[in-house]
Amino acid sequence: MNSETTIVPNGALVPKPRLSFWDILFMSFGFMGIQMGFALQNANASRILQTFGANVEELSWFWLVAPVTGMIVQPIIGHYSDRTWNRLGRRRPYFLAGAIMAAIGLILMPNASAFAAYLPALWVGAGMLMIMDASFNVAMEPFRALVADKLPTDQRTLGFSVQTLLIGVGAVLGSWLPYVLANWFGVEATAEAGIVPFNVILSFFIGAAILVGTIVWTVVTTKEYSPEEQIMYSGEPEEQESKGLADIFTDFAKMPKTMRQLGWVQFFSWFALFSMWVFTTPALAQHVWGLPPDDRSSAAFNEAGNYVGVIFGVYNLVSAIFAMMLPVIAAKIGRKRTHAICLTIGGIGLMSVYLVTNPEMKWLLNFSMIGVGIAWASILAMPYAILAGSIPAHKMGVYMGIFNFFITFPQIVNGIIGGPMVRFLYNDQAIWALVVAGAAMMLAALFVARVEDKDDVVASA
């Protein structure tokens, strides 16, 4: 039987409609804005927190708020979005609410020093980081489920790849924006101790506006299938009466085998990514620019911080381009082999950062990020394309949320031990966090071989 065809309770065959490229693009357009805000956070949060007084070894602890909020928020949002239906649909209400809250966090975080009369700026900055992450998670989780809701099996790799393309475009804009404002438009890129430079503040304002605008575009242009249509296409009966949030724990215990197997792949992939996001700024400031660990406000430190945005933009640009090659590659060699190769290339890229030892060589970091970008494209697409076929349609939202556990848990582990490892194991040399991250990504590639990849489980009458 064709994997696009499903059986409804009365025995009729009802194919899930195929969507045009533009429908698929608009369906995930809001993800571009989310990722722009997320990229601004990734490239600048460590720098902002250091500006407000955080030590290098403390950074991973502040970053813990991101995975902790994601672990809590995403399964809950997935659970309730599976059961939501109103004039905006099932997933779209969560896009919109998350976007508005994330925009508020983007505006307030770099301006935390304005609240210094009431609370220490570091506390306010960390609080805004928590608000942003919770809001990003509210908005992001339903986008994964929406792709699986709307697309037949043979279009899902394309759907998640288009989503990765838009993630890459948004991330490039967010990563490069502070550098572009400072170097192309002359916006002030330095400030007195304890104050975030204006090029970073303005970038966060612009990111907030684009985030809300792109989400509204998706909400307006995308129609969701009604509960009755979902039953017709999935062949699954109405779900029995819910026991509330307790259902999440039941669903977690009954997660599909494929999800458990992907958990190991995700653990080492996201452990590596968390290290990269947290420690790249201090790693480059120390290892490439030759600055001491306690330098947090010099012109050289801000130059290193701006260049982190540049190279993060490079890996996201590569990801956006490579994402559109993934469906073709996966069709030829399989999704598992594609993902394993991409992760290996990414691991080599991260480890190669160690070879760059002075500012004159900084351009070589862009080649390192090419490898990271290839891995990032695959991380954002392949696990979800593999996973979607093993999940019952009426549980798509909650299981996509539960799957986020395998993204947040490794970040929490890294957040707890990463700082002490830099302090005591690496003697405050953050570059070793990136080297170990590369090794972790290559280990993730080995675990891909254990994953069972299959098409949709077709519900019976």
Given axes a ≥ b ≥ c from the Cα gyration tensor, I'd like to know whether the stretch 285-408 is rounded (a/c under 1.5), prolate (a/b larger than b/c) or oblate. prolate
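Using 0.36 nm times the number of residues separating Thr250 and Lys454, minus their current alpha carbon distance, what extension gain do you get?
Between Thr250 and Lys454, full extension yields an extra 71.1 nm.
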Would you mind calculating the gained length between Arg260 and Phe21 on full extension (0.36 nm times residue separation, minus the Cα-Cα distance), in nm to one decimal? 82.9 nm
Mean separation of Cα contacts under 8 Å (at least 6 apart) over the residue count of the chain, i.e. the relative contact order in percent, is 29 percent
Taking the dipole of the chain about the Cα centre (Lys, Arg +1; Asp, Glu -1; charges at Cβ), the one of Val172, Thr190, Ile391 that reaches farthest to the positive side is Ile391
Percent of C-alpha pairs per 5 Å bin, the stretch 253-357, short to long: 2, 10, 16, 19, 17, 13, 10, 7, 5, 3, 0
So what's the Cα pair-distance distribution over the stretch 392-438, bin width 10 Å, in %? 24, 35, 19, 15, 6, 0
Once Rh is set to the Kirkwood radius over Cα pairs, what Stokes-Einstein translational diffusion coefficient, in µm²/s, holds for the chain at a temperature of 4 °C and a viscosity of 1.567 mPa s? 58 µm²/s
Ignoring the sites themselves, what is the longest stretch of the chain with no chymotrypsin sites (Phe, Trp or Tyr not before Pro) in a DSSP loop and at most 12 other beta-carbon atoms within 10 Å? 186-461
Where in the chain are the helices, taken as whole DSSP H runs, whose Cα atoms extend 24 angstrom or more along the long axis and whose Kyte-Doolittle mean reaches at least 1.0? 92-108, 198-221, 299-323, 365-388, 431-447
With a 25 Å threshold on alpha-carbon distance, the violating pairs from Lys223/Lys332; Lys336/Lys362; Lys254/Lys332; Lys254/Lys454; Lys332/Lys362; Lys223/Lys254 are Lys223/Lys332; Lys336/Lys362; Lys254/Lys332; Lys332/Lys362; Lys223/Lys254
Give me the distance in nm between label points sitting 7 Å out from Cα along the Cα-to-Cβ direction at Leu446 and Glu192, one decimal. 5.4 nm
Give me Rg/Rg_expected for the stretch 365-450, where Rg uses Cα atoms only and Rg_expected = 2.2 N^0.38 Å with N residues. 1.34
Return the FRET efficiency for the residue pair Tyr354, Thr221: r is the Cβ-Cβ distance, R0 is 60 Å, and the value is rounded to the nearest 0.05. 0.85
In nm, spacing of pseudo-spin labels at Arg337 and Leu88 (7 Å Cα→C-beta vector): 4.4 nm
FRET E, pair Leu119, Trp184, Förster distance 41 Å, beta-carbon r, rounded to 0.05: 0.70
Normalised contact order of the stretch 343-461, rounded percent, pairs of Cα under 8 Å and 6 or more residues apart: 44 percent
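Computed from the coordinates by the stated procedures, all read-outs in this text should not be read as laboratory data. In this text the structure is predicted, and so the values were computed from the model without any measurement. Every residue, glycine among them, receives a Cβ derived from its backbone with ideal geometry; neighbour counts consider all protein chains shown.
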